[in-house]
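Heads up: the structure comes next, in structure tokens.
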Amino acid sequence: MTASLLPFEDYALLDDADCEARIKTAKAHLGERCVILGHHYQRDEVFRHADYSGDSLKLSRQAAQSAAEYIVFCGVHFMAEVADILSRPDQIAILPDLAAGCSMADMANRGAVERSWQELSRLFDPDETITPVTYINSAADLKAFCGRHGGIVCTSSNARNILEWSFARREKVLFFPDQHLGRNTGHAMGIPLDEMVTWDFTQPMGGLTGAEIARAKILLWKGFCSVHQMFQPQHIDRFLQQYPDTRVIVHPECSFEVCRKADYIGSTEYILRTVREAPPNTRWLVGTELNLVNRLAEDVRADGKHVHFLSPTICMCSTMFRTDPQHLLWVLDNLMAGQVVNRIRVPEEDAVPARLTLERMLAV
Ligand code: 13P
Ligand code: SF4
């Protein structure tokens, strides 16, 4: 069932308008057998075909509830892995372009996390002292690591609840791969900055002394999102000089300094909801991916709301952008022909403990 009956080469040069019509036909033909999930960062030409859109938490719930035979995930690799883990064994998760990864997720891998765990065991028993918390933006084998060590997964919309859950069980947290989500969430919970130390995974013992580790509540893996780190506090300052009445809203993957200057911090779904529900004639400066911001600006324009992108330069998630209408059509046409291409399948030995951590998260 995996050989490609219809090769991608036949689709690569199709124009977008042609794809648009053919995707609609394929969707109508496949009907309820196929559901398309679209993350908010997808380009318009793909996003408009999604049956459900959302942030990572909403889409993982959707994947868990879907009755469809095929779950086509227009997002990035870890999201399709989550869909595979949470769906029934007879359902098939598909990622239209296998090169759609997440550079932040790639900053932590199982070898480096296991090495860190070993190093920490020189100071204390980590399984007694530390809850490993992985951001959902991580490979399935890291979720499995958390499952095996009493840990849990979080997303940008539930990170605070998940940290509270973790501290109720053990005194410290190892948070990976995104240092910013960990620091911004810890700060909102009142944890002092000097009790959240950066774990530099390229250094022995994370580049920290035993005393620094002993004092820390959260060890923050030194990973980041290359898109969100483009936003700078001075971008906000400059904008506010021109439009002082602006409300600033950012994603928690932005740096601590940027989040300090924001009025609102939250997931992609939270950002959309907050701006949509805001009073008319308000002005917003938004710090997250450009496709989302452009669509939101268009969406609320009729209410007199002005939405601006936080950075003066264009920054898009290049891996989210890889999913184009050509790949989506190629996947759907193959399904119509009885062929599955680009299936994402997490090996059972990782899927079982990873499912445990994801279900723990969904229960919190
Ligand atoms: P959300 O869960 O907020 O959609 O974030 C996912 C992501 O990758 C942000 O960069
Ligand atoms: Fe990963 Fe950043 Fe892209 Fe989100 S925006 S998918 S964290 S690289």
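No value in this document is a laboratory result; all are computed from the given coordinates. This one's a predicted model, so the numbers in the text were calculated from it and none came from an experiment. Every residue, glycine among them, receives a Cβ derived from its backbone with ideal geometry; neighbour counts consider all protein chains shown.
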To the nearest 20 debye, what is the magnitude of the charge dipole of region 218-364 about its Cα centre, counting +1 on the Cβ of each Lys and Arg and -1 on the Cβ of each Asp and Glu?
240 debye
Suppose every K and R has +1 on its Cβ and every D and E has -1 on its Cβ; what is the size of the dipole of region 1-160 about the Cα centre, in Debye to the nearest 20?
500 debye
Cα centre as origin, Lys/Arg/Asp/Glu Cβ charges: the chain dipole, Debye:
820 debye
What's the whole-number percent of alpha carbon pairs in region 1-130 lying beyond 25 angstrom?
39 percent
Given bins 20 angstrom wide, list per bin the percent of all Cα-Cα distances in the chain, short to long.
29, 55, 16, 0
What is the fewest-to-most order of ARG43, ARG215, ARG170, ARG88 by other Cβ atoms lying within 10 Å of their Cβ?
ARG88, ARG215, ARG170, ARG43
Just to confirm my numbers, what's the Cα centroid distance between region 45-107 and region 201-226 in Å?
31 Å
Pick from GLU45, GLU81, GLU269: which is most flexible by mean-square fluctuation in a GNM of the chain where alpha carbon atoms under 10 Å apart are linked?
GLU45
Fewest-first ordering of HIS308, HIS39 by Cβ atoms within 10 Å yields HIS308, HIS39
Sort TYR11, TYR243, TYR52, TYR135 by Cβ crowding within 10 Å, fewest neighbours at the top.
TYR243, TYR52, TYR11, TYR135
Report the Rg/Rh value for region 131-178, based on alpha-carbon coordinates and the Kirkwood definition of Rh.
0.92
For the charge dipole of the chain, defined by +1 on Lys and Arg C-beta atoms and -1 on Asp and Glu C-beta atoms about the Cα centroid, which residue among VAL113, ASN342, VAL133 has the Cα displaced farthest towards the positive pole?
VAL133
Å³ per residue of the Cα convex hull, for region 109-162?
74 Å³
Give the value in nm², to one decimal: projected area of the alpha carbon convex hull of region 260-321, averaged over all directions.
4.5 nm²
Shape call for region 129-256, from the Cα gyration tensor axes a ≥ b ≥ c (a/c under 1.5 means rounded, otherwise prolate when a/b beats b/c, else oblate), comes out prolate
Using the Cβ atoms and a cut-off under 15 Å, what net charge is assigned to the surroundings of THR209, where Lys and Arg are +1 and Asp and Glu are -1?
-3
Grab the DSSP H runs of the chain that are 4 residues or longer, score each as -39,500 (n - 2.57), total them, divide by all residues and round the 222 nm result to the nearest 500 deg cm²/dmol.
-12000 deg cm²/dmol
Give me the distance in nm between label points sitting 7 Å out from Cα along the Cα-to-Cβ direction at HIS187 and GLU298, one decimal.
3.4 nm
